[in-house]
Each structure stands twice: as C-alpha cells, then as structure tokens.
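The values are calculated or read from the model by the stated rules, or taken from the named source; none is laboratory data. Predicted model, so just to flag it, every value in this text is computed and none were measured. Note: ideal-geometry Cβ built from the backbone for every residue, glycine included; neighbour counts use all protein chains shown.
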Amino acid sequence: MRPTRLTALAILPLAVACAPAADEAATPAVAAGEATAPAEQAEPPSLVVDFGAEGDTSWFAQNDTVMGGVSEGIVDYTSASLVFEGYVSTENNGGFASVRSPYDTWNLSKLDTLVVRYRSTGQPFTLTMADTPNWWEGEFRYDLAGTDGEWVEEEIALSDFEFWGFNGGYSEPTGEFMRRPDRKAVVTIQFMSKQFEDGDFVLEVDHLSFW
C-alpha cells in the first residue's frame, strides 16, 4: 500500500505525514535518530505523528488544575521532539498531569501496531486513546516504562490497549482490550502521568508511528 500525504485539518493542525514512497527521497524523522520500522515490518508506517519545531506543535497540557489541583506540566518543543516537564502534586485532591492532542477523528481500524520513541525521568506515564471527548466515558490505556533518561523505541500492539471505565467516580481497568471497531474513530491521544503520587517528571517524545 502506498500512503498519501495527509493535510492538516482546521481543528487539528497535526503534522501527520505519510512515509515517502520508494521513488521519493526519504527524510530522517528527527536529528536524534531516524524513525525505523520494527524488524518484522516490511512496509513504512502508514501514519506518523512527528514532533519538533518543524513537525507537530499542536499538543497541549491538561493538568489537574481543571479540577482544583496544583500539579504543573509545561509543553515545549525542540527541533526534533515534544518535551513535557513539571511535577505532580496530590494537594487539593489533584494528582495528574497530561499532554494531549487536539480533538479530531483518526481511523486506525486497519492498523495494528504503534511504535513510540521516547525517554523519561521521574513519574511514569500512560499512553491513552479515546473514541469520545467525554472523560467519564472511559479510554484505552497502555503503561509506558520509565527509561531513566535513555531513548527507547517501544513497539505496542494496539490490541494491548486496555479499556478503563469509571465506577463510583474512580477509573479502573475492565479487562476489555481495543478491537478494530474501537480504533475506527479515535478522537484524542495523550500521555498522562500514571501514579497519583507527588513527584517531578520529564517526558520527551520523538514520534508516534502506526502500522
């Protein structure tokens, strides 16, 4: 399959670019290291969210301050990555910080794998996808391991994202995992601090690549 280049939508100026065809000159995804397909993948990624000053700079922070908390997370961009830095505080019934995409609709139903290149220190993070803008309707989650500041490229099966729903005001895992129909209308992707504990964090993300 030869992907075509997607243009940014008005509500989501997302730098979602298709990989170049074989007869086009390939450009490295970032200065720090080129995004490469997993060894078992023969085709280039169908969809890439490439961060950096010349890539996608539309993601924004949403922290527990929306509900009275005092956690802080600030988004910045290097020439090749998104950097999310701050601290989590459990004061005032808070306890989370997140960076997320603007709302749009992505059809991932024909895709199976996500590769994320990132590094982190401090608080661990969870990668989430939701098919509704209403937080109380739940979301799909996958926990990312801390990297002690070292770059890693993690390959994740989309079917490993578990649905978390709200029960009695608290979010909890349901044991149900993302199916192809669940991927047809993803409206937002986010990185959210995993633990409701006090602590600093730095998360840097190079790209998200989907196959």
Count of residues meeting criterion [part of a loop (DSSP other than H, G, I, E, B), modelled with pLDDT of 95 or more and either touching a His at 6+ places or on another chain (Cβ under 9 Å) or hydrophobic (A, V, I, L, M, F, W, C) (or both)] in the range 48-64 | 1
Mind checking whether some residue in the range 30-47 is modelled with pLDDT of 50 or more and part of a strand (DSSP E or B)?
-> yes
Could you tell me which of the residues 121, 65, 147, 113 is hydroxyl-bearing (Ser, Thr, Tyr) and within 26 Å of residue 185 (Cβ to Cβ)?
-> 113
Of the residues 143, 131, 64, which single one is under 23 Å from residue 164 (Cα atoms), of a type in the set (D, E, K, R) and touching a Gly at 6+ places or on another chain (Cβ under 6 Å)?
-> 64
Residue satisfying condition, being surrounded by 14 or more Cβ atoms within 10 Å (Cβ to Cβ) and either without any contact (Cβ under 8 Å) to a residue 12 or more places away in the chain or not in a strand (DSSP E or B) (or both), within set 147, 126 = 147
Residues within the range 170-211 that are under 20 Å from residue 114 (Cβ atoms), touching a residue at least 60 places away in the same chain (Cβ under 8 Å) and of a type outside the set (A, V, I, L, M, F, W, C), tallied = 12
The condition from (1) among the polar types (S, T, N, Q); (2) in a loop (DSSP other than H, G, I, E, B); (3) modelled with pLDDT of 95 or more that residue 27 misses is numbered (3)
